[in-house]
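Notes follow the structure.
The values are calculated or read from the model by the stated rules, or taken from the named source; none is laboratory data. Predicted model only: the values in this text are computed from it and were never measured. Cβ atoms come from the backbone with ideal geometry, glycine included; neighbour counts cover every protein chain shown. The area values use the complete protein model at the heavy-atom level, side chains included, leaving out ligands, DNA and RNA. Shrake-Rupley method; radii C 1.70, N 1.55, O 1.52, S 1.80 Å.
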Amino acid sequence: MKKLVLAALVGFVLTGCGGGGSDESKPTSPPVVDVKPVAAQGTINKVNYANKTVEVNGHTYQVERVQYGRNALSIDDLKQNMMVEVSTLAKSGAVVSIEPTMVGMISSISRDRKTFVVNGVTLTFDMNAEFDVNDWVMVSSLPQATADGLGYKVLSVVKIEQDDVAGQYEIEGRLSDLDQNTQTFKLGANTNVYFGDAIIEDNATLTNGQWVEVKGQMLNKEFHATEVEV
């Protein structure tokens with residue numbers, strides 16, 4: 001009796017599978033799912049303005065909001081090679097925070113348009129005709145060893161059109177020549193920073209060699225800090 005039941009079950013399974021194994025078609029592979037991190041930092045690979053998506057570190061994110069600090073921006077402000085931080089929301093999409101190395105006004109451009117100066121720092125980048133002296137820009141870069149120490153490898157320069165962002169100054173760099181008596185230090189090769197009136201985030205102790213982010217304003221070729229983050 002058990003053999004009859006087993007034979008009936010086997011016959012039913014074979015019938016359900018389409019016969020006795022003559023079908024040699026390969027099984028369909030499951031779709032590839034992009035398992036992306038919920039938070040990421042990196043440079044923008046590309047932006048799809050129509051679909052409101054941005055690719056960072058090889059992963060594509062649906063953009064819900066774009067911001068720089070407390071300022072709300074548009075996806076149109078995102079450009080290739082910008083440094084950003086991406087945080088994924090539950091269902092509505094991702095918040096893209098622009099994390100530039102520098103924000104400031106172009107004080108000069110070389111005649112060959114190969115270098116320009118922002119916040120007292122001379123940077124190497126091919127400046128097209130879009131840029132002029134006194135333009136406000138966001139500069140994204142990576143640290144780069146130079147003859148003067150740790151400098152900047154510029155990835156992108158984006159002109160700031162929004163009034164509430166233009167007028168803000170920011171600079172990151174390796175801290176050196178710290179002088180607690182004058183409350184000054186240097187960033188890069190040429191930028192002198194006065195931090196006497198600044199808020200030091202988390203009450204950190206400033207020391208030479210740290211990489212810091214400084215916000216404030218340029219006054220008489222000196223950067224007067226309002227905030228310093230190690």
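Per-structure values
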{"read-out": "Mean residue ellipticity (222 nm) of the chain, computed from DSSP H runs ≥ 4 via -39,500 (n - 2.57), nearest 500", "value": "-2000 deg cm²/dmol"}
{"read-out": "Potential extension, Asp164-Asn192 segment - 0.36 nm per residue separation minus Cα distance", "value": "7.5 nm"}
{"read-out": "Antiparallel DSSP beta bridges within the chain, percent to nearest 5", "value": "90 percent"}
{"read-out": "Two-site FRET efficiency, Leu89 against Thr182, from Cβ-Cβ distance with R₀ of 45 Å, rounded to 0.05", "value": "0.50"}
{"read-out": "Unsatisfied cross-links (Cα-Cα over 29 Å) in the set Lys36/Lys215; Lys91/Lys159; Lys46/Lys221; Lys153/Lys221; Lys159/Lys221; Lys79/Lys114", "value": "Lys36/Lys215; Lys91/Lys159; Lys46/Lys221"}
{"read-out": "Separation in nanometres of the label points that stand 7 Å from Cα toward Cβ, at Gln144 and Asp202", "value": "2.9 nm"}
{"read-out": "Nonlocal amide H pairs with Arg113, under 5 Å, H built at 1.01 Å", "value": "none"}
{"read-out": "Estimated vicinal HN-Hα couplings, Hz - segment 215-224 in sequence order (Karplus 6.51, -1.76, 1.60; Gly, Pro = x)", "value": "10, x, 7, 7, 9, 6, 6, 10, 8, 9"}
{"read-out": "Solvent-accessible heavy-atom area per residue, rounded to whole Å², over the chain at 1.4 Å", "value": "61 Å²"}
{"read-out": "Extended-chain gain in nm, criterion 0.36 nm per residue less alpha-carbon gap, Lys52 and Ser74", "value": "6.9 nm"}
{"read-out": "Ranked packing of 72-81, 194-203, 114-123, most packed first, by mean Cβ within 10 Å", "value": "114-123, 72-81, 194-203"}
{"read-out": "Extension gain (nm, one decimal) between Glu130 and Glu229, 0.36 nm per residue minus Cα-Cα", "value": "32.4 nm"}
